[in-house]
Amino acid sequence: MDQLLYISMTGAKQNMHSLAVRGNNLANANTTGFKADLENARSMQAFGPGMPSRVFAMTERPTQNFTDGLLKTTGRDLDVAIKGEGWISVQDKDGNEALSRNGNFTISAAGVLQTMQGQAVLGNQDAPIIIPLPVEKLEINEDGTIEIRPEGAPADALEEVNRIKLSKPFAGELTKGDDGLFRATNGQPFQPDATVELVKGALEGSNVNPVQEMTHMISMQRQFEMQIKMMKAAEENEKATNSLLRLS
Amino acid sequence: MHPALWISKTGLDAQQTNVSVISNNLANASTVGYKKSRAVFEDLLYQTINQPGGRSSQNTKMPSGLMIGAGAKVIATQKNHDQGNVQTTDNAFDLMVDGRGFFEILMPDGTTAYTRNGQFGLNDEGTIVTPGAGYPLQPEIQVPEDAQSFTVGEDGEVSVRLPGQTDSQVIGQITITDFVNPSGLEPRGQNLYLETGASGAPQNGIASENGLGAIRQGSLETSNVNVTEELVNLIEAQRVYEMNSKVISTVDQMLTFATQQL
């Protein structure tokens, strides 16, 4: 059979994968702290005997777009966003450290400061932050320190209880896991960084650029159509060959 | 079938829920004591198609793989318990909690519910009850039939002046209940909330003491819904919905093209 048919087929199939990546970005256009996935295609050679013509396409998700999402002010005490670069350390479901940009926190009935997804936020010594209940007022300061006013205490009796672990690893060292959290590619622990600043009472929106995603989607669609056209051409060539060989 | 169809479907679903939450907020924009909700989104699991670090040949590894996310979903609706605006009504039975805390209400089935809506009234027996359903306020307070005036102090002390007397007489005490995590309360309609495992246990106390809010007579707490904010959220939700439906129609066109051409 003609290799052209198979080469075009991988092209079309990989375009479909790219489209799924773009579709996921658009589905998360409203998800707090979401970082858009990037997608690119790579050539995969499958040379054999004969002419080296078979180069397949392969779609990859090399990294994420790490630009900041737009800040939305919410005014809620337990909402924080990161100003510029930086990450919040949380505990994933296996108990390991992972990074998130989602600063939409709650306090569980046991006093654990956690994200809305239920992951505990890490503080000093990489331990989950426990808020001594009951508290009347909780302030998360711009440097990540948490100050509380115990119930019944006078207005100026703020006491520092912990500090959210904030780090600033190089974006190239991070990989997004299948739960949407980021981890170090080399498995090294993250170092706290005192220069990371928080914005109180705000959340970081998704950094998905809808227009860009739609444009990519259209270009994927056209590429896909071209691959189909190639398959059609392969079919027509085949037909022509058959009719040439037919005995009249 | 094509994964992008299902991915965009999750996006449509999530935005539809978001619109429902926003419209419920707008519908309650003038409900006394109503606390606005917001939808919390999360990205779904990622499906690994090519594992990063997988072998591309005997001696080489692929630098990056392909993981496709499965879309988005609304994981929670979060109540924002910020204080609403103050509306002065000068009605003696209109009470509001200025600060933290809830009024305690006895439900017909014997359980306790909590509310921020202080539009109270009296039933035929002179008991202070909620305006709609007539559930009694706890601790129960009986106002004498011939009371000339009705006063509630900032600390919740209820006093009345009876005919022929110069001094007011204390007839009861309204207490305030607070929760560690009010966002964890379960809203059950009629402006009432129920205790859950996430809210923590109710802590009953005297108003304006130990960090509890003060009781203000003759005022009501309006809904804390900001109409402009909700309208902006609505526009955003609508556009994200439209873009997700665009993905579905694009995939559909691609599949149509493939089936017709081949």
- Being hydrophobic (A, V, I, L, M, F, W, C), within 30 Å of A:F34 (Cα to Cα) and surrounded by 14 or more Cβ atoms within 10 Å (Cβ to Cβ), is that true of even one residue in region B:76-90? yes
Requested in this report: Return yes when B:D98 is in contact with a strand residue (DSSP E or B) (Cβ under 8 Å, 6 or more places away or on another chain), buried (at least 20 other Cβ atoms within 10 Å of the Cβ) and of a type in the set (D, E) and no when it is not.
Outcome: no
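Residue-by-condition table, conditions (1) out of contact with any helix residue (DSSP H, G or I) (no Cβ under 8 Å at 6 or more places or on another chain); (2) more than 27 Å from B:P63 (Cα to Cα); (3) without any contact (Cβ under 8 Å) to a residue 24 or more places away in the chain:
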{"site": "A:D179", "(1), (2), (3)": "yes, no, no"}
{"site": "A:P189", "(1), (2), (3)": "no, no, no"}
{"site": "A:P192", "(1), (2), (3)": "yes, yes, no"}
{"site": "A:E204", "(1), (2), (3)": "yes, yes, no"}
{"site": "A:E213", "(1), (2), (3)": "no, no, no"}
{"site": "A:E225", "(1), (2), (3)": "no, yes, yes"}
{"site": "A:M230", "(1), (2), (3)": "no, yes, no"}
{"site": "A:E236", "(1), (2), (3)": "yes, yes, yes"}
{"site": "A:A240", "(1), (2), (3)": "yes, yes, yes"}
All-but-one check, B:Q78 against (1) farther than 30 Å from B:E209 by Cβ; (2) within 12 Å of chain A (Cβ to nearest Cβ), failing number (1)
Determine whether A:F170 is in contact (Cβ under 8 Å) with a residue 12 or more places away in the chain and among the aromatic types (F, W, Y).
no
Subset of region A:136-160, residues within 14 Å of chain B (Cβ to nearest Cβ) and crowded, with 18+ Cβ neighbours inside 10 Å, comes to A:E136, A:I148, A:R149, A:E151
Picked from region B:126-148 (must be under 19 Å from B:Y193 (Cα atoms) and small (G, A, S)), the residue modelled with the highest pLDDT is B:G134
Against the condition away from chain A (no Cβ under 14 Å), out of contact with any strand residue (DSSP E or B) (no Cβ under 6 Å at 6 or more places or on another chain) and part of a loop (DSSP other than H, G, I, E, B), how does B:P131 come out, does it pass? no
Worksheet entry | Test: residue in region A:121-137 that is in a strand (DSSP E or B) and in contact with a Phe, Trp or Tyr (Cβ under 7 Å, 6 or more places away or on another chain) | yes
Subset of region A:53-69, residues polar (S, T, N, Q) and within 21 Å of the chain's Cα centre (by Cα), comes to A:T59, A:T63, A:Q64, A:N65, A:T67
Given the structure, is A:K72 of a type in the set (K, R), within 24 Å of the chain's Cα centre (by Cα), assigned to a strand (DSSP E or B) and at pLDDT 85 or above?
yes
Residues of region A:112-135 being within 14 Å of chain B (Cβ to nearest Cβ), farther than 19 Å from B:D82 by Cβ and under 23 Å from the mean Cα position of the chain (by Cα), in sequence order, are A:L113, A:Q114, A:T115, A:Q117, A:G118, A:Q119
Restricting region B:196-233 to residues that are more than 10 Å from every other protein chain (Cβ to nearest Cβ), touching a helix residue (DSSP H, G or I) at 6+ places or on another chain (Cβ under 9 Å) and buried (at least 16 other Cβ atoms within 10 Å of the Cβ), the one nearest to B:A133 (Cα to Cα) turns out to be B:S223
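The values are calculated or read from the model by the stated rules, or taken from the named source; none is laboratory data. Keep in mind that what you see is a predicted model, and the values were worked out from it rather than measured. Note: ideal-geometry Cβ built from the backbone for every residue, glycine included; neighbour counts use all protein chains shown.
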